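What follows is a short report on a single structure.
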Amino acid sequence: MEQLTVKTKNTSYDVHIGEEVYELFATEYKELLHNADKVGVFADATAASYHLDKLEQALKAAGIDYELHILPAGEESKTPIIFMSCHSFLLQHNFTRQSVLIAFGGGACGDLTGFVAATFMRGIPFLQCPTTILAHDSAVGGKTAINMPEGKNMVGAFHQPAGVLFQPDLFTTLAKREIRSGMAELLKHALISDADWTESLLLNSDFPHFSADVLTSELIKGIQVKADIVSQDEFEQDMRKFLNFGHTLGHAVEAYFGFGKVSHGECVMIGMAYSLLLSETYGDITPEFTHRFIRFADHAGYPIQAILEVEFSALLPFMKKDKKVSSGELVFVLLKSLGNPFAQKVSEEQCEHSFYELISRIKGEVQT
C-alpha cells in the first residue's frame, strides 16, 4: 500500500493507494468512524452497481453502521436540486454535527459529498473513497462544488477530507472515456511540474491504458504534485491556480456541450492544447510541440475534433465566468516551458484568434 500526506496550514491527512485500503476503516479511521453518531455513504449510482459490496463489506467488518444514499451517476449529481436533497436526506435521518460522510464514486460524487459535508450544520468530516482515475485529482486538495447552468463548479467551498482511500482494482470497470478523462489530469500534472515526466508520458505507446502497477506509480506522482501545491496555497490565492492548466477553455467546452456529454478530462485535453498554443506567444513552447500534442491526443482517443464546428462566441460567456478572471480580463495558466507554469492575462481578441488557430491545426492533424 502506498501512502503520502497532504499538509495544509490548519490540517493534514493521508492519501492511501492499494488493494487493501478499506481495511483502514478498522484501524487508522476507526476512531473517526466509531465516534460518529451517524455515518453516511453517498454513492454514485454507477460505481455502486459495480463495487458497493466491497465498501459495505469493509464497513461491516469494521463494525460500522451506516445510512446509504445513492446519487445520480456522474455530473448529473452536481446540481442545486441534488445538493439540497442530500441535506434533506441527512436531516430526515437525524444526522448531526457529530456525523461523518463517505464519498464513494468519481470526482463528481466527491465534489458533491464534500460540499454537503462543508455546509451541513456548518461543516462535518468526510472521507473520500474514489472509484475513478480522474478523482486522483479532485479527491485531493479540498475543493468541493456543484455546477450551475452558467458554469462548472460555480458554487462550492474549500473543505479538506479526513482521508483519501484509493482502491485501484475498482478501475477495471471504467469505460474507456473515463480512463481517458482521468489520464488527462495526470498529463496535466506532468506538464506543470516536470519536463522529463511529460516526455515519458508522451512517448509511452500504452497511454492512456497503463497496467495496474504502472498506473499506481503514476498516480502517486500526480497526487504528490497536487499535494505539494495545496500545502503551499490551500485557498488558490497564488500557485494553486497552476492546477487549472487547460481548464479555462476546458470548462467552457464542457459547459457548452452539457456536463457529462464530453467527459471532463476530454475537455481538459482540448483546453491544454489551446493553452499550449497560447504559450507559443507568451512562453517558449514551440509550434512543433503543440502539433505533437494534438497528434498525441488524437492517437490516444481524445475527441479533440469535437470543437471543430463550435464558434468562439458560444464559448466566451462561459470563459468569462472562470474563477481566474481578473477585473473582467481572461486569465490563463500557460507554460513558459515544460514544467514551468505561470498565469497570464489574455485579451478576448487574442483568445479568439488562438481558438480558430487551434481549429485550423486540429484540422491539419486529425482525420475527421
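The values are calculated or read from the model by the stated rules, or taken from the named source; none is laboratory data. All values reported here derive from a predicted model rather than from experimental measurement. When we count neighbours, we look across all protein chains shown, and the Cβ atoms used for this are built from the backbone with ideal geometry, even at glycine. Heads up: the accessible areas ignore ligands, DNA and RNA and are worked out on the full protein's heavy atoms, side chains in. Shrake-Rupley method; radii C 1.70, N 1.55, O 1.52, S 1.80 Å.
Of note:
- Student exercise, region 153-217 dipole from Lys, Arg, Asp, Glu Cβ charges, in Debye to nearest 20: 320
- Projected label points at Glu349 and Thr96, each 7 Å from Cα along the beta carbon direction, are separated by 6.4 nanometres.
- Per-residue packing, averaged as other Cβ atoms within 10 Å, sorts the ranges 301-311, 200-210, 253-263 into the order 253-263, 301-311, 200-210, beginning with the highest.
- The chain: calculated mean residue ellipticity at 222 nm from DSSP helix runs of at least 4, using -39500 (n - 2.57): -14500 deg cm²/dmol
- Each Lys and Arg adds +1 at its Cβ and each Asp and Glu adds -1 at its Cβ; summed about the Cα centre, region 38-87 shows a dipole of about 120 debye.
- Ordering 116-128, 57-69, 286-298 by mean Cβ neighbour count within 10 Å, with the highest value first, yields 116-128, 286-298, 57-69.
- Entry note, the chain: relative contact order of 14 percent, from Cα contacts under 8 Å with a spacing of 6+ residues.
- Cβ-Cβ FRET estimate between Glu20 and His299, R0 fixed at 35 Å, reported to 0.05: 0.45
- Heavy atoms of the protein chains alone define the surface here; on that basis the chain has 40 Å² accessible area per residue at 1.4 Å probe size.
- Mean separation of Cα contacts under 8 Å, 6 or more apart, over the residue count of region 88-164: relative contact order %: 30
- For the chain, a simple Cβ point-charge model (Lys and Arg +1, Asp and Glu -1, everything else neutral) yields a dipole of about 740 debye relative to the Cα centre.
- Percent carbon-and-sulfur accessible area, the chain, ignoring ligands, DNA and RNA, probe 1.4 Å: 49
- Inter-label distance for Glu2 and Asp228, nm, one decimal - labels placed 7 Å from Cα along Cα-to-Cβ: 1.5
- With Cα atoms, 0 to 90° folded angle of helix 212-232 axis to the chain main axis: 90
- Cα-based helix-to-principal-axis angle, 80-92 vs the chain, degrees rounded to 10: 10
- Between Phe95, Leu68, Leu24, the Cα set farthest toward the positive side of the dipole of region 1-127 (charges on each charged residue's Cβ, about the Cα centre) is that of Phe95.
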